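Encoded as structure tokens, the structure appears first; notes follow it.
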Amino acid sequence: MKTPDRARVETDDETPATTVEELAPLYRQMLAIRRLEEASAKAYSQGKIGGFLHLIIGQEAVCTGAIAALKPEDYVVATYREHGHAYAKGVAARPIMAELYGKKTGLVKGLGGSMHLFDRATNFLGGYGIVGGHVPIAAGAAFASKYRGDGRVTLCFFGEGASTIGGFAEGLSLAALWKLPVVLICENNQYSMGTPLYRSLAVEDVSMRALAHGMPRDRFDGDDVIKVKRRIAEAVERARETSEPSLVEVITYRFRGHSMSDPGLYRTKDEVEEWRRRDPLTRSRARLTELGMAEDKLAALEDDVKAEIEDAVRFAEESPPADDYHSYVEKV
């Protein structure tokens, strides 16, 4: 079933100015996330990764652009589809992949798996498997920042399906009431699992929820990583300077099903192909060429990414398995 036009946001003509120096690192980051996810899918199909696996393929520009607007000391709270967010926040590919494999060298010792990445060193405050339940946690992190006066901003990512959950309403309300330095980012990928947008939301513009709380809002398409960075940077600056929260809805699309067990048969091939023509990686690569980046330098960048992800896979496969939970508790 194709999403009706009334539930879509068309790509506008805005093309923010940029340079090779700004865009190339963001393209590399998006490409690394894409290759990390593809390698994860392959390992899952081979039985090397267990549990659940939710891929972000197609949505890379959102987490990459948004997190690029932060300072290293700022916080990020994400959903169960968070491998890319962790990587964009500075977590290396090796411990991410090892965690997916359930290995002791993983980000949380192989005990969390795909949906529960966490890294204190980079202020990545976790992926959460409970839909919408992490929004109040993000509000709490922002409350702590305001209480301490440390100037930090919290980004909280969630899907449009989470906007119907009580935890989202609670977090939104507290952020507005207490004027917390948090930016709530709805990654609207058109489907809540297999349910299309127009069948899950009476009002399809999630950003309008901000109006009930007197909160600034924004809504735009997320195919251009530079646009995402610029627009989120406005909300981040507002949060940092005035401790005012924002609700931002970014329209995106996942090219794969909800999880590895979802073949995505509820979507037509034409719909998927339409969105693939707006692939953020393809757009960024073409833009780099327009800006004068030589093909050999692009190829070298892509080879470097390939080597990085291949190394992460080897590291995960060669690492020792995680301790069982009870043994781990006894050690700590």
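The values are calculated or read from the model by the stated rules, or taken from the named source; none is laboratory data. The structure displayed is predicted, hence computed values, not measured ones. Ideal geometry is used to build each Cβ from the backbone, glycine not excepted, and the neighbour counts take in all protein chains shown.
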Flagged in the range 140-177 as closer than 25 Å to Ile251 by Cβ and small (Gly, Ala, Ser), in numbering order, are Ala142, Gly159, Gly161, Ala162, Ser163, Gly166, Gly167, Ala169, Gly171, Ser173, Ala175, Ala176
Counting only residues in the range 174-205 that are among the small types (Gly, Ala, Ser) and under 22 Å from the mean Cα position of the chain (by Cα), the one nearest to Ala233 (Cα to Cα) is identified as Ala175
Across the range 95-115, the tally of residues that are buried (at least 20 other Cβ atoms within 10 Å of the Cβ), touching a residue at least 60 places away in the same chain (Cβ under 8 Å) and within 14 Å of Phe315 (Cβ to Cβ) stands at 9
For Glu249, indicate whether it is in contact with a Cys (Cβ under 7 Å, 6 or more places away or on another chain) and surrounded by 14 or more Cβ atoms within 10 Å (Cβ to Cβ).
yes
Residue within the range 248-259 that is out of contact with any Lys or Arg (no Cβ under 9 Å at 6 or more places or on another chain), under 25 Å from Ala24 (Cβ atoms) and assigned to a loop (DSSP other than H, G, I, E, B) present
yes
On the given criteria, is Glu241 over 16 Å from Pro181 (Cα atoms), of a type in the set (Asp, Glu) and either free of Cβ contacts under 8 Å to residues at least 40 places away in the same chain or in contact with a Lys or Arg (Cβ under 9 Å, 6 or more places away or on another chain) (or both)?
no
Among the residues of the range 160-174, the number that are under 21 Å from Cys63 (Cα atoms) and either surrounded by fewer than 24 Cβ atoms within 10 Å (Cβ to Cβ) or among the aliphatic types (A, V, I, L, M) (or both) is 4
From the option list Arg230, Arg278, single residue qualifying as assigned to a loop (DSSP other than H, G, I, E, B) and either closer than 24 Å to Glu170 by Cα or modelled with pLDDT of 90 or more (or both) is Arg278
Going through the range 177-201 in order, the residues found to be among the small types (Gly, Ala, Ser) and either in a strand (DSSP E or B) or closer than 13 Å to Val135 by Cα (or both) are Ser192
Query raised in the report: Could you say whether any residue in the range 16-23 is buried (at least 23 other Cβ atoms within 10 Å of the Cβ), polar (S, T, N, Q) and either in contact with a Ser or Thr (Cβ under 8 Å, 6 or more places away or on another chain) or under 17 Å from Arg230 (Cα atoms) (or both)?
Result: no
Any residue at all in the range 209-224 that's within 21 Å of Ile67 (Cβ to Cβ), touching a Lys or Arg at 6+ places or on another chain (Cβ under 7 Å) and part of a strand (DSSP E or B)?
yes
